[in-house]
Amino acid sequence: MRSRSLLTVTGVVLLTIAAAVIGVRFRLLPPPVDLRAMTWDAASHALIGLDLFDHIRRLEPLLLLLRLQAEHWWPPLFGILSLPAWAFGGRELTSPSLVSLASYIVIPPIVWLSVRRVTSAVPLMALGLVAVFLLRSPQLLEMSAWSMLELSATLFAALAFFFFLGGRGSRARNWGYGFAGASTLLKYHYGFFLLVTFGAATILELTPEERRDLGRALVSRLRQRAIWIPALAVAAAVAARLIAEQFDPDPALPGVPTILWIAYIALLVAMLVRRPRTRELWLSLPTPVRRFLSCGLIWPAVWSIDLANVQVWYRQLRVSSDPPARWAEQISELARYLTDDYFLGPVALTLGAAGLAISIVAGFRRRRIDLLAVAFHTIWPVALMSLSSFRIEPRFLSTMMAPLVLSAVLGWALLLERRPTAVRIAASVVLLAVVAAEQLARTDAWGQHLVRRRVYVYLSSDPPDRFVRATVQASARGEPV
């Protein structure tokens with residue numbers, strides 16, 4: 001036990017030091033970041049935190065609270081996380097990138113600890129694969145210098161799965177649900193993906209009796225006229241609005257998000273008025289479901305009390321590229337992003353995909369819903385995004401990288417876990433030798449990635465030069481933006 005703990009701690013230390021060295025050296029490469037190359041998204045992410053920092057510095061609590069609730073398109077959690085970065089890095093639009101750097105440093109040890117939480121087999125191979133998959137990922141390294149939320153969301157996903165793997169009845173699950181729910185306040189759909197995965201896994205982990213009782217309770221409630229009549233009215237109102245939009249882009253009817261918000265507020269009021277019935281229903285739910293609701297779903301539930309947040313979320317679901325992206329193009333781009341942006345070389349990508357497949361098989365054979373949750377979280381959100389008419393960018397896949405690497409490493413480790421010692425050692429040596437040989441052969445390609453990706457570039461749009469210049473001038477004068 002002591003040797004296992006020592007090896008775990010050693011892995012954490014080595015991965016942390018390696019990530020810190022790689023990330024800091026990347027930031028020191030020329031050329032320096034040009035603030036004029038920041039797009040609207042990046043500047044907006046940075047300015048939320050700067051406004052919060054200014055209100056705290058000037059002891060303006062009321063303005064601070066108003067600013068927190070004024071953000072709808074980009075929720076304020078990244079701005080809150082960036083407050084220490086503003087204090088440390090000063091009033092520079094690049095200061096929030098320190099949050100991305102810190103996330104880049106912490107993600108590999110978290111994934112390593114997650115692997116160790118499931119199995120202690122082939123530790124050196126597992127440590128090597130975690131290092132190669134994460135620390136030799138060009139896209140993740142590039143994002144470590146961004147003043148944006150992608151790596152923070154990736155860290156939250158890694159933490160959510162680390163705690164989720166703590167076990168069905170453990171208190172760690174509460175933290176897993178919490179990080180999943182909090183992710184909605186970084187970017188709505190990142191948290192939505194995690195909550196759907198965890199919600200489905202929680203239901204599937206229930207005993208047959210618990211699922212049967214839960215189903216009966218829900219059916220009995222839906223049969224009540226006080227439930228199905230309002231639900232039918234809401235569905236009719238939504239259908240009427242959608243039909244009217246086919247003839248008039250702005251019909252004289254309440255919008256879909258407004259209808260849903262009114263129904264949501266009415267449900268909350270009804271629950272408060274009928275508190276004894278609400279408490280009875282709450283206590284009838286299985287304990288895991290109550291934990292999921294109270295620790296995970298509570299975050300978007302509270303945030304949705306503001307109508308503006310519901311309207312923005314609905315608008316984001318309907319955003320489309322110009323021209324709209326097609327499914328075949330999306331799939332082609334996804335394949336290119338994996339081979340060119342996230343995995344340095346086809347061997348690393350092949351080992352990652354094979355490990356993912358092995359992990360899925362192991363999850364079914366061992367009846368481990370938590371392992372299947374990790375694996376399928378790397379698949380179904382990407383499949384859903386590929387159906388969207390909004391063009392996928394490499395950064396959109398970042399939050400799936402932590403569970404992908406975790407699932408891939410677990411797949412190989414679990415495959416060798418019950419093999420004879422000689423087989424485990426031989427297989428580990430071969431896998432690491434193959435990966436190391438490919439990485440050495442791609443040293444020049446890695447250097448080219450470092451030079452090319454040091455420049456602050458996004459795919460979304462041309463830099464809004466006038467906006468960024470005005471922002472830089474105001475920041476330099478110490479004025480609120």
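The values are calculated or read from the model by the stated rules, or taken from the named source; none is laboratory data. Computed from a predicted model, the values in this text were never measured in an experiment. Backbone-built Cβ (ideal geometry, glycine too); neighbour counts: all protein chains shown. When the accessible area is computed, the model is the full protein with side chains, heavy atoms only, and any ligands, DNA or RNA have been set aside. Shrake-Rupley method; radii C 1.70, N 1.55, O 1.52, S 1.80 Å.
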Examine segment 33-47 for a residue that is at pLDDT 75 or above, open to solvent by 30 Å² or more (accessible area, probe 1.4 Å) and in a helix (DSSP H, G or I), and state whether such a residue exists. no
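Check A85, A131, A126 and return the single one that is more than 30 Å from I425 (Cβ to Cβ) and assigned to a helix (DSSP H, G or I).
Values: A131 fails: more than 30 Å from I425 (Cβ to Cβ); A126 fails: more than 30 Å from I425 (Cβ to Cβ).
Answer to the check: A85.
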From (1) within 25 Å of V12 (Cβ to Cβ); (2) open to solvent by 10 Å² or more (accessible area, probe 1.4 Å); (3) not β-branched (V, I, T), pick out the condition that doesn't hold for R168. (1)
If you check S100 against the conditions, is it without any contact (Cβ under 8 Å) to a residue 60 or more places away in the chain and under 18 Å from D51 (Cβ atoms)? no
Could you please find all residues in segment 262-307 being part of a loop (DSSP other than H, G, I, E, B) and more than 24 Å from A233 (Cα to Cα)? L285, P286
Might you check whether a residue that is among the hydrophobic types (A, V, I, L, M, F, W, C) and at pLDDT below 90 occurs anywhere in segment 208-217? yes
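Regarding segment 180-188, can at least one residue be identified that is open to solvent by 40 Å² or more (accessible area, probe 1.4 Å) and either among the small types (G, A, S) or out of contact with any strand residue (DSSP E or B) (no Cβ under 7 Å at 6 or more places or on another chain) (or both)?
No, every residue in segment 180-188 fails to be open to solvent by 40 Å² or more (accessible area, probe 1.4 Å) and either among the small types (G, A, S) or out of contact with any strand residue (DSSP E or B) (no Cβ under 7 Å at 6 or more places or on another chain) (or both).
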Which pairs do you get when a residue that is without any contact (Cβ under 8 Å) to a residue 60 or more places away in the chain, found in segment 63-74, comes within reach of a residue that is part of a loop (DSSP other than H, G, I, E, B) and surrounded by 17 or more Cβ atoms within 10 Å (Cβ to Cβ), reach meaning Cβ atoms under 7 angstrom, with the pair 6+ apart or on two chains? L68/P76
Is it the case that A231 is surrounded by fewer than 12 Cβ atoms within 10 Å (Cβ to Cβ) and either over 34 Å from the mean Cα position of the chain (by Cα) or over 30 Å from G176 (Cβ atoms) (or both)? no
Determine if segment 284-291 includes at least one residue that is within 21 Å of the chain's Cα centre (by Cα) and modelled with pLDDT of 90 or more. yes
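Check every one of the helices (runs of 4 or more DSSP H) wholly within segment 319-395 and list those with 2 or more residues that are loosely packed, with under 15 Cβ neighbours inside 10 Å and within 18 Å of the chain's Cα centre (by Cα). Give the steps one after another, and end with the answer.
Working: elements: 327-337, 346-366, 369-377, 380-386.
Ranges flagged: 380-386.
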Where the second residue is among the charged types (D, E, K, R) and open to solvent by 70 Å² or more (accessible area, probe 1.4 Å) and the first is without any contact (Cβ under 8 Å) to a residue 60 or more places away in the chain and lies in segment 357-381, which pairs have Cβ atoms under 9 Å and are six or more apart or on separate chains? A362/R368
Sort out which residues of segment 270-286 are open to solvent by less than 80 Å² (accessible area, probe 1.4 Å), out of contact with any helix residue (DSSP H, G or I) (no Cβ under 6 Å at 6 or more places or on another chain) and within 18 Å of P230 (Cα to Cα), and write them in order of number. A270
From L415, L404, L410, grab the single residue that is open to solvent by 20 Å² or more (accessible area, probe 1.4 Å), touching a Ser or Thr at 6+ places or on another chain (Cβ under 8 Å) and part of a helix (DSSP H, G or I). L404
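Would segment 300-314 turn up any residue that is farther than 30 Å from T207 by Cβ, open to solvent by 80 Å² or more (accessible area, probe 1.4 Å) and polar (S, T, N, Q)? Steps first, please.
Taking segment 300-314 and keeping what is farther than 30 Å from T207 by Cβ, we get 302-314.
Adding the requirement that they be open to solvent by 80 Å² or more (accessible area, probe 1.4 Å) leaves 302, 305.
Now narrow it down to the ones that are polar (S, T, N, Q): none.
No, the conditions are met nowhere in segment 300-314.
Return yes when A145 is touching a residue at least 60 places away in the same chain (Cβ under 8 Å) and not hydroxyl-bearing (S, T, Y) and no when it is not.
Yes: the conditions hold for A145.
Given the structure, is H55 open to solvent by less than 60 Å² (accessible area, probe 1.4 Å), modelled with pLDDT of 85 or more and more than 30 Å from A121 (Cβ to Cβ)? Steps first, please.
Numbers: open to solvent by less than 60 Å² (accessible area, probe 1.4 Å): yes; modelled with pLDDT of 85 or more: yes; more than 30 Å from A121 (Cβ to Cβ): yes.
So H55 fits the description; yes.
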